[in-house]
1. For region 158-173, what are the residues that are assigned to a loop (DSSP other than H, G, I, E, B) and farther than 17 Å from residue 144 by Cβ?
2. Among the strands (runs of 3 or more DSSP E) confined wholly to region 195-302, which include 1 or more residues that are closer than 21 Å to residue 322 by Cα and within 14 Å of the chain's Cα centre (by Cα)?
3. Looking at residue 161 and the list (1) at pLDDT 90 or above; (2) touching a helix residue (DSSP H, G or I) at 6+ places or on another chain (Cβ under 7 Å); (3) more than 24 Å from residue 264 (Cβ to Cβ), which single condition is not satisfied?
4. Please find, within region 355-371, the residue that is surrounded by the fewest Cβ atoms within 10 Å (Cβ to Cβ) out of those that are under 12 Å from residue 243 (Cβ atoms) and within 24 Å of the chain's Cα centre (by Cα).
5. Among the residues of region 1-42, how many are at pLDDT 75 or above, within 21 Å of residue 71 (Cβ to Cβ) and part of a loop (DSSP other than H, G, I, E, B)?
6. Given the options 99, 93, 45, name the one that is part of a helix (DSSP H, G or I), in contact (Cβ under 8 Å) with a residue 60 or more places away in the chain and not assigned by TED's automatic domain parsing to the domain that holds residue 271.
7. So how many residues does region 306-342 have that are over 21 Å from the mean Cα position of the chain (by Cα) and within 19 Å of residue 247 (Cα to Cα)?
8. Please go through (1) at pLDDT below 75; (2) not in a loop (DSSP other than H, G, I, E, B) for residue 57 and return the number of the only condition it doesn't satisfy.
């Protein structure tokens, strides 16, 4: 076979395409009909002629590697922007986020962005698939039965009584499993703490807000609550944190159950976004997750004072309750979502609309963002030019 010769112009054209395009090298050479060994020889000749001895010297090879590296970093940033947690979040949160993102991005890229070992992630996926087959579904069904039984008995039954009633109904379950599931849901019989709560109720769960909803500055009082929405027969719980000054929704999370993990994650997103001072008050109702030791310790670690509504008094947290009205009437109850992902994306878009474009009657028909912008501008016009 006759050996083909290439002109210097043809060589330079191929080296330029190799450096500037992101096409796979094998496809590029196949399209041009150039053997790989020949093209590698051109690269070596270019490096020798231009004395390219380090990664800092310009050469087609170094330039291509730099472009590919830059594209790789942009892809990692895209994953992080779409993620609800940071690479420093607990392992379980990162695994759950990686599982959510793997359908939209390359799995290896997601693991690298969130600082996960691919082996650890694949083991997590394997366990979850096994769980969904029987164990996970059984636990969720048991949780539903336990909660219904617990609420039907006015939260009186403890672990042993709940186990006994379930067995009478034909459910095969152990006391140990019931105890574990009730602990996950934060369900504790009122018999355990009834005397203590009677004497310490107002001391432990203080109400610092007292329906004083007018605040003079951002990051003084945050309010939070969880609402329930049913999608395709599956419950979805939406947790929201709002700044009482501007009525701006600072963060939100959607989960399949109302857990301390859902609450802590929502608080952490708001805290990382705003970085408030030590004089912040966090107000909520007396839901089991908000009263849990995990949430209370987390808020204490952030030096945030926790405030609670009075028992059976929803008006103590009326502002956040009023937000859920528009959320359901203007978004959740007027659409038919095709997937859980679409549900979450639409909730996110509605909150952006609520903060940026929806006027609020209480704010003199300004948006939450306009109120905060006006506050910042007022600080800039003060004589000393500094924030109070």
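The values are calculated or read from the model by the stated rules, or taken from the named source; none is laboratory data. Worth saying up front: this structure is predicted, and the values here are computed from it rather than measured. Neighbour counts are summed over all protein chains in view; Cβ atoms, including those assigned to glycine, are modelled from backbone coordinates with ideal geometry.
1. Taking region 158-173 as the starting set, the residues that turn out to be assigned to a loop (DSSP other than H, G, I, E, B) are 158, 169-173.
Correct list: 158 only.
2. On the way: elements: 221-231, 234-243, 248-255, 281-284.
Here the list reads 234-243, 248-255.
3. For residue 161, the exception is condition (2).
4. Among residues in region 355-371 that are under 12 Å from residue 243 (Cβ atoms) and within 24 Å of the chain's Cα centre (by Cα), the one surrounded by the fewest Cβ atoms within 10 Å (Cβ to Cβ) is 369.
5. Of the residues in region 1-42, 0 are at pLDDT 75 or above, within 21 Å of residue 71 (Cβ to Cβ) and part of a loop (DSSP other than H, G, I, E, B).
6. So the residue among 99, 93, 45 that is part of a helix (DSSP H, G or I), in contact (Cβ under 8 Å) with a residue 60 or more places away in the chain and not assigned by TED's automatic domain parsing to the domain that holds residue 271 is 93.
7. Residues flagged as over 21 Å from the mean Cα position of the chain (by Cα) and within 19 Å of residue 247 (Cα to Cα) within region 306-342 amount to 16.
8. That leaves (2) as the condition not met.
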